[in-house]
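The values are calculated or read from the model by the stated rules, or taken from the named source; none is laboratory data. Everything numeric in this text was worked out from a predicted model, so none of it was measured. A quick note on method: Cβ atoms are made from the backbone with ideal geometry, for glycine too, and the neighbour counts reach across all protein chains shown. The accessibility values were calculated without ligands, DNA or RNA, using every heavy atom of the protein model including side chains. Shrake-Rupley method; radii C 1.70, N 1.55, O 1.52, S 1.80 Å.
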Amino acid sequence: MSIETISLSGRKKEVSDKKMTFWESLYLVAIVKGLFITIRHLFTRKVTVKYPEQVRERSTVYRGQHLLKRDEQGRENCTACGLCALSCPAEAITMTAAERKPEEKHLYREEKYASVYEINMLRCIFCGLCEEACPKDAIYLTESKVLVPSMYERESFIFGKDKLVMPLTQAMQNAQLNNAN
Amino acid sequence: MESSIIIEKSIFIFVIFGLTMLMAMYSTWAERKVAAWLQDRIGPNRAGPWGLLQPLADGLKLFSKEEFLPDTPNKFLFVAGPAISMSVALMTSAVIPWGDKLEMFGRTVVLQATDIDVALLYIFGVLSVGVYGIMIGGWASNNKFSLMSAMRAASQMISYEVAMGLSIIALLMMTGTLSLREIAAGQQGMNWNVFYQPVGFIIFLVCSFAETNRTPFDLAECEAELIGGYHTEYSSMRMGFYLFAEYASMFISSTILAVLYFGAYNYPGMSWAVENWGVNAANLIGFGVLFGKICFFIFFYMWVRWTIPRFRYDQLMRLGWQGLIPIAIVNIFITGIVMLWPEIMSALGM
């Protein structure tokens with residue numbers, strides 16, 4: 001089969017510059033045909049959604065804003081191994097590792113933790129590779145409806161631990177739920 | 001007697017003025033709705049039920065916007081432009097027969113502001129003044145794109161005026177009158193002129209699109225080439241007046257189409273209705289029928305707008321001068337031959 005005869009959609013048409021007949025050159029038939037095509041859309045289902053009242057359903061693989069998880073005792077899971085940063089195709093994640101002091105045992109689960117953990121939301125493409133790369137179940141992309149709020153400064157799009165780490169109250173609720181189960 | 005006629009006519013004029021304004025207002029709403037439907041959208045639905053208060057909101061917005069006056073050589077003409085467009089669009093409604101007649105308070109009220117013998121000439125005369133509104137607006141804007149767009153609009157309107165006039169001549173030969181009332185009365189039952197003059201009707205329809213500056217003939221406003229067209233420099237309610245004038249003239253030209261070719265207020269079984277339900281009821285139905293026809297044509301204008309793309313300038317001129325005018329002239333000849341067929345046959349001794 002030559003490349004000229006291939007048509008994936010089956011609707012391929014040859015372009016021709018043949019001379020139009022008188023009747024065709026009046027365009028009247030073509031215009032009436034076009035009018036019937038447009039009027040058909042009066043009776044079709046509307047594709048738009050009345051947004052504030054009606055929210056379009058999200059896909060099951062939807063990925064929202066990041067969350068750095070805590071375990072059931074409220075300790076941060078992240079051990080600053082850097083695998084998320086390594087797997088990030090947009091290179092949005094940076095972190096600084098620090099060693100846990102004995103009095104901080106209730107704060108961090110492992111001996112190493114991320115003293116600084118930043119995601120540049122202007123770079124992040126919400127691909128979810130960081131989530132897959134994480135060996136400690138620390139980073140998750142939530143179902144949060146707000147991806148990134150609008151802001152004026154570029155600096156404010158760099159989300160630090162204050163915005164990314166799961167709130168302690170939420171970790172406690174999760175622990176209670178687990179105990180109940 | 002004299003004063004009662006004045007009162008009657010003034011009331012009628014006010015009603016028609018209000019009606020035209022209302023139709024123009026809701027045409028802007030309908031345009032957005034129809035556009036949305038034809039594009040599988042929902043359209044305005046925020047202001048009031050189904051967005052019915054949208055025209056009021058738009059009007060309020062236009063009134064409260066800043067009125068900007070460019071550094072133009074003639075400020076008077078800049079202000080006069082939209083006013084001319086608007087008054088021309090409203091003036092034509094004076095001669096349109098909105099219905100046959102009503103019997104009220106022992107008097108016969110003719111549903112027409114004025115029944116002049118040269119109504120059709122009057123309409124053409126007034127319509128051709130509409131060019132000035134656009135031309136003056138475009139020139140006084142002191143903006144070369146506005147001027148170019150105004151030139152385009154002027155040449156387009158003048159060219160299509162010729163074809164429009166010629167297409168009407170065949171109709172005049174048949175009806176033998178320039179009075180719109182008589183033309184309307186001559187189309188009783190289903191005796192509509194469109195069945196006798198289909199070619200003339202198509203030419204007239206195309207020319208109406210060109211005269212009202214509607215797509216596919218909206219060369220005066222093509223954003224891609226001429227920014228906003230002839231009203232680029234206009235802001236707030238002056239801009240609103242131009243847009244409003246377009247919708248008002250759309251309403252009027254739909255009315256003219258309905259009156260000239262689609263039987264005006266006539267409907268099948270009208271004489272039966274006059275006998276059984278009385279003059280008033282029958283003629284009020286007639287007014288409703290005319291209104292339905294007008295609404296259909298307004299819808300048709302919008303329907304075409306979302307179907308056919310805009311013409312190029314040379315295509316537009318070729319269609320006008322090499323297409324419509326010759327066809328209109330041939331149509332006149334054929335109408336003449338058909339009308340004189342018995343005489344021709346007898347003259348040839350057949």
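Just name the residue that is nearest to B:Pro198 (Cα to Cα) out of those in region A:31-71 that are small (Gly, Ala, Ser) and surrounded by 12 or more Cβ atoms within 10 Å (Cβ to Cβ). Full working, then the answer.
Residues of region A:31-71 that are small (Gly, Ala, Ser), as a first pass: A:34, A:59, A:64.
Then drop every residue that is not surrounded by 12 or more Cβ atoms within 10 Å (Cβ to Cβ), which leaves A:34, A:64.
Working: A:Gly34: 20, A:Gly64: 62 Å.
For region A:31-71, the residue satisfying everything is A:Gly34.
So which residues in region B:233-282 are in a helix (DSSP H, G or I) and among the hydroxyl-bearing types (Ser, Thr, Tyr)? B:Ser236, B:Tyr242, B:Tyr247, B:Ser249, B:Ser253, B:Ser254, B:Thr255, B:Tyr261, B:Ser271 - these are the residues of region B:233-282 that are in a helix (DSSP H, G or I) and among the hydroxyl-bearing types (Ser, Thr, Tyr).
From the residues in region B:311-321 that are open to solvent by less than 90 Å² (accessible area, probe 1.4 Å) and within 14 Å of chain A (Cβ to nearest Cβ), which one is nearest to B:Thr215 (Cα to Cα)?
B:Phe311
Does B:Asn276 qualify as being more than 14 Å from chain A (Cβ to nearest Cβ), farther than 27 Å from B:Met173 by Cα, at pLDDT below 90 and open to solvent by less than 80 Å² (accessible area, probe 1.4 Å)? No, not satisfied.
Just checking, does region A:43-64 include any residue being of a type outside the set (Ser, Thr, Tyr), within 17 Å of A:Lys161 (Cα to Cα) and touching a strand residue (DSSP E or B) at 6+ places or on another chain (Cβ under 7 Å)?
Kept after step one, since they are of a type outside the set (Ser, Thr, Tyr), are these residues of region A:43-64: A:43, A:45-47, A:49-50, A:52-58, A:61, A:63-64.
Now narrow it down to the ones that are within 17 Å of A:Lys161 (Cα to Cα): A:64.
From the residues that got through so far, the ones that are touching a strand residue (DSSP E or B) at 6+ places or on another chain (Cβ under 7 Å) too are A:64.
For region A:43-64, residues of a type outside the set (Ser, Thr, Tyr), within 17 Å of A:Lys161 (Cα to Cα) and touching a strand residue (DSSP E or B) at 6+ places or on another chain (Cβ under 7 Å): present.
Scanning region B:2-56 for residues that are part of a loop (DSSP other than H, G, I, E, B) and within 22 Å of B:Val95 (Cα to Cα) yields a count of 0. Apart from one condition, A:Thr96 fits all of (1) open to solvent by 50 Å² or more (accessible area, probe 1.4 Å); (2) modelled with pLDDT of 80 or more; (3) more than 30 Å from A:Glu111 (Cβ to Cβ); the exception is (3).
Please state which of the following conditions B:Arg214 fails to meet, knowing it meets all the rest: (1) touching a Ser or Thr at 6+ places or on another chain (Cβ under 9 Å); (2) over 15 Å from B:Ala264 (Cβ atoms); (3) assigned to a helix (DSSP H, G or I). Checking B:Arg214 against (1) touching a Ser or Thr at 6+ places or on another chain (Cβ under 9 Å); (2) over 15 Å from B:Ala264 (Cβ atoms); (3) assigned to a helix (DSSP H, G or I), the one that fails is (3). Restricting region A:7-27 to residues that are under 51 Å from the mean Cα position of the chain (by Cα) and among the aliphatic types (A, V, I, L, M) leaves a set whose member that is most open to solvent (accessible area, probe 1.4 Å) is A:Leu8. Here B:Met148 meets the list (1) out of contact with any strand residue (DSSP E or B) (no Cβ under 6 Å at 6 or more places or on another chain); (2) at pLDDT below 85 almost entirely, failing just condition (2).
B:Ile325 fulfils the conditions (1) in contact with a helix residue (DSSP H, G or I) (Cβ under 6 Å, 6 or more places away or on another chain); (2) closer than 27 Å to B:Gly165 by Cβ; (3) free of Cβ contacts under 8 Å to residues at least 60 places away in the same chain except for a single criterion, (3).
For B:Ile298, indicate whether it is out of contact with any strand residue (DSSP E or B) (no Cβ under 7 Å at 6 or more places or on another chain), away from every other protein chain (no Cβ under 13 Å) and either on the phi < 0 side of the Ramachandran plot or without any contact (Cβ under 8 Å) to a residue 60 or more places away in the chain (or both).
Yes; evaluated as a whole, the condition is true for this residue.
In this structure, A:Glu103 does satisfy being more than 14 Å from chain B (Cβ to nearest Cβ), part of a helix (DSSP H, G or I) and free of Cβ contacts under 8 Å to residues at least 12 places away in the same chain. Residue count for region B:8-23 satisfying the condition of being open to solvent by 40 Å² or more (accessible area, probe 1.4 Å) and closer than 11 Å to B:Val109 by Cβ: 2.
Of A:Thr48, A:Thr38, A:Thr44, all but one fail to be in contact with a Phe, Trp or Tyr (Cβ under 8 Å, 6 or more places away or on another chain), within 11 Å of chain B (Cβ to nearest Cβ) and at pLDDT 80 or above; the exception is A:Thr38. Taken together, the criteria exclude B:Ser271 from residues that are under 30 Å from B:Phe68 (Cβ atoms), in contact (Cβ under 8 Å) with a residue 24 or more places away in the chain, open to solvent by 20 Å² or more (accessible area, probe 1.4 Å) and among the small types (Gly, Ala, Ser). Close contacts from region A:29-47, counting a first residue that is farther than 12 Å from B:Trp306 by Cα and of a type outside the set (Ser, Thr, Tyr) and a second that is modelled with pLDDT under 85 and loosely packed, with under 14 Cβ neighbours inside 10 Å, with Cβ to Cβ under 9 Å and a gap of 6+ residues or different chains, come to A:Val29/A:Trp23; A:Ala30/A:Glu24. Can you tell me which residue within region A:116-159, out of those that are open to solvent by 50 Å² or more (accessible area, probe 1.4 Å) and of a type in the set (Ser, Thr, Tyr), is nearest to A:His66 (Cα to Cα)? Per the stated criteria, the residue is A:Tyr140.
Within region B:101-114, is even one residue closer than 30 Å to B:Ser235 by Cα and open to solvent by 40 Å² or more (accessible area, probe 1.4 Å)?
Our first condition is that a residue be closer than 30 Å to B:Ser235 by Cα; within region B:101-114, this holds for none.
No, region B:101-114 has no match at all.
Within region B:24-35, the only residue that satisfies the criterion of being closer than 17 Å to A:Val47 by Cβ, of a type in the set (A, V, I, L, M, F, W, C) and either more than 14 Å from chain A (Cβ to nearest Cβ) or crowded, with 19+ Cβ neighbours inside 10 Å (or both) is B:Val34. Each residue in region B:41-52 was checked for being within 14 Å of chain A (Cβ to nearest Cβ), open to solvent by 30 Å² or more (accessible area, probe 1.4 Å) and not polar (S, T, N, Q), and 5 of them qualify.
If you go through region A:139-156, how many residues are in contact with a helix residue (DSSP H, G or I) (Cβ under 8 Å, 6 or more places away or on another chain) and not β-branched (Val, Ile, Thr)? So the answer is 3.
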